[in-house]
Amino acid sequence: MQYTLLILLLPLLSFVVLGLMDTKWKARVAGSVGTLVLSVVAALSYYTAWAYFSTANVGGIYQKIVPLQTVWMQFSGQLHIDLGILLDPISVMMLVVISTVSLMVHIYSLAYMKGEKGFERYYAFLSLFTFSMLGLVVATNIFQMYIFWELVGVSSYLLIGFYYTKPEAVAASKKAFIVTRFADLGFLIGILILSFYTQTFDFGVLNSGNAGIFASASGVTFMGASVLSWAMALIFIGGAGKSAMFPLHIWLPDAMEGPTPVSALIHAATMVVAGVYLVARLFPVYVTYTPDVLHGIAYVGAFTSLFAAVIACTQTDIKRVLAFSTISQIGYMMVGLGVSGYGGHEGTGYMASMFHLFTHAMFKALLFLGAGSVIHAVHSNEMQKMGGLRKYMPVTHLVFLIGCLAIAGIFPLSGFFSKDEILAATYMYSTGLGIGMSFIAGLTAFYMFRLYFNIFWGKENSYEHSPHESPLAMTIPLVVLAFFSFFGGLIPFGKFVTSDGAAYTGETNYVLAIVSVLIGITGILLAAAMYRKKTMLPDRVSQSLGFIYQLARNKFYVDELYLFITKNVFFKGMASPVSWYDRHVVNGSVNGLAVVTQWVSVKIKGIQTGKVQQYAWVFLLGTLLMAFLILFL
Amino acid sequence: MGSILENFTSGIIPMEAYIFVSFIMFFSGIYGFLSRKSLLMVLISIELILNSADINFAVFNRYLYPEHFEGFFFAMFTIAISACETAVAIAIVINIYRNLNNVEVDSLDELKEPEASDEK
Amino acid sequence: MSPLLIFVLIPLLMMIALFFTNNRKQVNLISLSGSLLLLLSAIALVVLFWRERTAGNTAQMLFAADTVWYREFNIHIATGVDGISVLMVLLSAIIVFTASLVSWRIESMPKEFYTWFSFLAAGAFGFFISIDLFTMFFFLEMSVVPKFLLIGVWGSGRKDYSAMKLVLMLMGGSVLVLTGILGIYYLTGAETLNIVELAHKNIEQPAQSILFALLFTGFGIIGALFPFHVWVPDGHSSAPTSVSMFLSGISMKLGAYGAFRVAICLLPEGAHQLAWIFLILSGFSVVYGAFAALGQSDLKYINAYASISHCGLMFFAFLIFNETALTGAFLQMISHGLITALFFACIGMIYSRTHTRLVSEMGGLMKVMPFIGVGFIIAGLASLGLPGFSGFVAEMTIFIGAFQNSGELQRWFTIFATASIVITAVYILRVVGKVLYGKQEHQAYDSLADAYWWERVTMITLIAAVVLVGTMPSWFSNMIQDGLAPLVAGLVK
């Protein structure tokens, strides 16, 4: 299966060509080249998936296949960084997800970004991102993952800052890069610790279940926790940064300053789930050696999920609502992984989490692209400027509704199946956590339909230009994604992706399923009551909640806290004193040395009177002293 | 006269006597060099010092190594050199006088850097 | 005569040829052809070296030659190269080539400028090809004096002060180095100054430790180790662009190279004894430089402090004493040399157009000069350690190598030093955001020209080199390990 290399090389090639060509090509040519390359990549990915799932099953277990592997950098000792391609169920699934969404975004952008300055640059960056993301998921070792991890970070930076003359976009891109970079520091230190004890980066070795490789770490503790727990927790911090887990989530809402298709691709479907993917990739290590960290991940995920869902209920920028919803849903996935055990029925959470990753990628990309279509028509992100759009944009309306129903978990749309599995796994782990997650599911339904009703129903605004349906290049990707969002849930996911590679069919918990659907419908009805027609109800509710509403509206002031810390601690507390210290103390001491030298020379200079007779006196006395010393000592 | 010369050659006059003379000459020269204000006096003092050295050369040669002549030669060298040196020195003194209108030693501190605070 | 001396002869011949020029065109012609010849010779050296190695020549130093210069003190003109010095020669050639191009249109006295610059280059090349302590020192000094003139005459800002400070501090470093060299010479029986032969001799403790402290501090001053780095910010900011490139690209590497070749390799016991002090200093240097860079507002100051941070990492890696970290240290030398040269080149280009280096005065330059802007961004991303560029490879090799050391202190300081990757990202992105993105500050900037052809060649050469190291690191690390292999046995305990 060496042709999988092409899946990586083609987008890279496209990036280099488009990047070098820059403005020499017409926009349309650049766009077509990018899209064409991506279609080939998508076709290859589907073929790979088909070939993998039809051939790699040996004895009921999906094997890991490494079609290509080369040593990129050899260190002394056993450590070496390899570059290679690893095919196993989750990486193949990710290949399909990434190439599908990326292709849709490429097509969609042909119309959405039409006439933008820097159209070629946009496609170059998209190719770069696709390359990096594909490289990340097929990584054979943790260091290769780190390499591509950084590359997706920078492509995200470049794409968020695409409108580089807009100060908000520049600030957002900077914030995104630095926050994730900070998290990557944890990832890096985690890798260093892990590789120090295991002497390997390779996923195959780490996940092999061979306890021998962790032997040297056993019994080593630091501050009460085993050193392996520290390593895995630090690696999770890296994942938490990319996946916008609390408290590292602050970059994601701001990242919405980027072009909307970019948000759909990077900040909804692919890059932000890299953290989930990372945990899933190292799942055998987590579950066998550091279950404590895994439980921590579950609670971090649950808290983030609740936190983001509450905020999402109060935002008015439609892209930000979607961003917080993304954070919340990724929290869901983390919970799924966190509560999971290894193998068979125990491993439901793992399977569910991957399933949710898949369905979420589809319906969230759909929602973002749908929102893009709305923004394209209305030229604003604010809910107040919308309303009653269902008449003007029937296709967008329909697909958006499908997306909302899917995320709300209504039978038989895709979200229902994946979310239900996660809930089942959570209830298996702890009833309390399960109830919490069910509540979040209700909140999700509520805020999604708040969004839906505000855009497509409610009071009709007076528009300057009458809004119109988007062109075909935009609606076709929408329809395709809507199709996946609708029917994606029918895929028997447990047959393909499980924690141990063996196929498994979960028994459906009908009570739970029905209750979840009812919760979802309750949320929808609540939203309908409040937002379907323009009423005073929302205002009254927000007033009665008062303080809490204000907190949520302002995202619990986490951004302000960060700003305070960076400004006062980082800049005023560290950088400025250090540069002051350097300029005045270190530099000053050197200048001081010069001043002292000068002072001494001025003082000594006084002895040189220039008067010959004084010199002669000194000379004479010196001679006498010498004579005295020589004669009498 | 003849007896003195005879005494000298036969060693009746002790060497210390000569050295005593040259000692007095040398230190009066040094005293003059250090204390006189006039450049000419300083110059004369230097001559005194040099001449005392000449005497020593001659005396030591005569008394200690009578079969050699290096001491006499050196004394003659020194006389010649001091003559040249005096000529140069007087020329300088004259020039100084032309420039400064006096020949005081203390007024000659032109080479010294004037007092000034430098920047670093 | 050693064939390697060609690297010293070409710059000297350039100086003679420049003497006979009488207009800018001729000056440019000679400087371009001379530096191009140097670059080609360096590439030829790499090829020849590689061919010799694959042919099975396992001598530690290839192309070695030895001419007696002054027999009484055993001073020889001894030259030879191993994998490390070959790479350093290549790095120097690339930087000399690009730096000569950058000053293509230098305003005043181009003839004199290039004459002194060639002299500087001769010193740097001579240092890297020497294997005799005396000639090493000779060439080290040779590359100091012209800096005084180049900064003092062609510089900007407080150039007199900076030139004086830089040269005095470098001379101070040289004094320590000279003392150390004499110490080594006499304590090994005053028989030889050849570093290959000296490596087999042993000096008793505590003399080793004292000499190591002298030499490491001396080379540390030249390589900008905290707290001896004070010449760097002023020197770099006052120097003309090409001299800045030379200073941070090559000069600081002279210090690091010497610290390893002389201080560590000849005095391994002293090095082990005192490693902890310098480990703390250099580890601190890494984070300190990054934080100081964060607090600056002048582009050149920012890059100067960034250099301190990155060079601290080289010294840090030296003191880990394992092959991986040492490989990383040399990769970092190459990588930092190229990246910082690229950075200074871009800063110089921007400065020559906007006539300001203050970050707050600029904005939105990307729109006006996209080529320079892209170069600047690439320099920035490479500097903050993005995969695909050389900085990542070097830093990661150092971190991985350093963490493999079983010492607690070493590992804690590795973690401490890794923090720099975040701080670096902050100041780089801050600069990129303010200078290139955002709104244009002045209308006058609208009419500024983008890069001229010589500037494009400079940037493309450097970017290509940075990408080459970043994507094919194993070739470079093989070269480095080729040089390290005979040395490392005596170091690792």
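Every number in this text was worked out from the coordinates using simple rules, so none of it is lab data. Model, not experiment: these values are computed from the prediction. Neighbour counts are summed over all protein chains in view; Cβ atoms, including those assigned to glycine, are modelled from backbone coordinates with ideal geometry.
For the reader, a short list of remarks on this structure follows.
- Rg to Rh quotient for region C:40-178, alpha carbon positions, Kirkwood Rh: 1.04
- Cα-based helix-to-principal-axis angle, A:612-632 vs chain A, degrees rounded to 10: 80 degrees
- Sites residue A:490 and residue A:533, calculated FRET efficiency, Cβ-Cβ separation with R0 35 Å, nearest 0.05: 0.50
- Note on A:157-163: average number of Cβ atoms from other chains within 10 Å of each residue's Cβ is 2.
- Value in Å of the Kirkwood radius, where region C:57-127 supplies the Cα pairs that are averaged: 14.6 Å
- The smallest convex shape that holds all Cα atoms of region A:532-633, its convex hull, gives 196 Å³ per residue.
- Full-stretch length increase - residue C:66, residue C:156 - with 0.36 nm per residue and alpha-carbon distance subtracted: 28.2 nm
- Sites residue A:28 and residue C:456 - FRET efficiency at Förster radius 22 Å, r taken between beta-carbons, to 0.05: 0.20
- Max-minus-min Cα coordinates of the protein assembly as shown on each principal axis give 154, 65, 58 Å, with the largest extent listed first.
- By other beta-carbon atoms within 10 Å, ranking C:10, C:184 with the fewest at the front produces C:10, C:184.
- Helix axis angle, A:394-408 relative to chain A longest principal axis, alpha carbon, degrees: 80 degrees
- CD proxy at 222 nm, helix term only [per DSSP H run n ≥ 4: -39500 (n - 2.57); per residue of chain C; nearest 500]: -23500 deg cm²/dmol
- In this simple spin-label approximation, residue A:558 and residue A:609 carry label points 7 Å from Cα along the Cα→Cβ vector, and these lie 8.1 nm apart.
- Packing-based ranking of A:620-629, C:397-406, C:19-28 yields C:397-406, C:19-28, A:620-629, ordered from highest to lowest mean Cβ neighbour count within 10 Å.
- Relative intensity, log₁₀ I(q)/I(0), of region A:350-465 from a Debye sum that treats every alpha carbon as a point, q = 0.18, 0.19, 0.21 Å⁻¹: -0.88, -0.94, -1.07
- Each label point was placed 7 Å from the Cα along the Cα-to-Cβ direction; for residue C:447 and residue A:521 their separation is 7.3 nm.
- Counted over all Cα-Cα pairs of region C:3-488, pairs farther apart than 42 Å make up 11 percent.
- Qualifying GluC sites (Glu not before Pro) in region A:359-465, where qualification requires a DSSP coil assignment and no more than 12 other C-beta atoms within 10 Å, comprise A:464.
- Fewest-first ordering of C:200, C:336 by other beta carbons within 10 Å of each residue's beta carbon gives C:200, C:336.
- Among the listed pairs A:175/C:367; C:367/C:439; A:174/C:434; A:26/A:117, those beyond 18 Å (Cα-Cα): A:175/C:367
- Cα convex hull of region B:2-107 - mean projected area over all directions, nm²: 7.7 nm²
- Extended-chain gain in nm, criterion 0.36 nm per residue less alpha-carbon gap, residue A:216 and residue A:619: 137.4 nm
- Long-range HN-HN contacts of residue A:72 with modeled amide H, under 5 Å: A:81, A:82, A:83
- Of A:540, A:553, the sequence from fewest to most neighbouring Cβ atoms within 10 angstrom is A:540, A:553.
- When peptides A:124-135, B:48-59 are ranked by their average number of other Cβ atoms within 10 Å per residue, the highest-first order is A:124-135, B:48-59.
- Taken over the Cα atoms of region A:146-192, the convex hull encloses 42 Å³ per residue.
- Cα-based shape type of chain A, given that a ≥ b ≥ c are square roots of the gyration tensor eigenvalues and the cut on a/c is 1.5: prolate
- For the segment A:406-417, counting C-beta atoms of other chains within 10 Å of every residue's C-beta and taking the mean gives 0.
- Taking the longest Cα principal axis of chain C as reference, the axis of helix C:207-222 is set at about 20 degrees.
- In range of the label at residue B:85: residues from region B:29-47 whose backbone nitrogen is under 12 Å from the point 7 Å along Cα→Cβ: B:43-47
- As a rough guide to protection, the peptides C:249-256, B:94-101, B:29-36, C:475-482 ranked by mean Cβ packing within 10 Å, highest first, stand as C:249-256, C:475-482, B:29-36, B:94-101.
- In this structure, residue C:187 and residue C:406 have a Cβ-Cβ separation that, at R0 = 22 Å, corresponds to a calculated FRET efficiency of about 0.10.
- Size of region C:180-328 from its Cα atoms: along the principal axes, largest to smallest, the extents are 52, 28, 24 Å.
- Region A:476-595: proportion of alpha-carbon pairs further apart than 19 angstrom, %: 79 percent
- Average beta carbon contacts from partner chains per residue of A:138-148, 10 Å cutoff: 1
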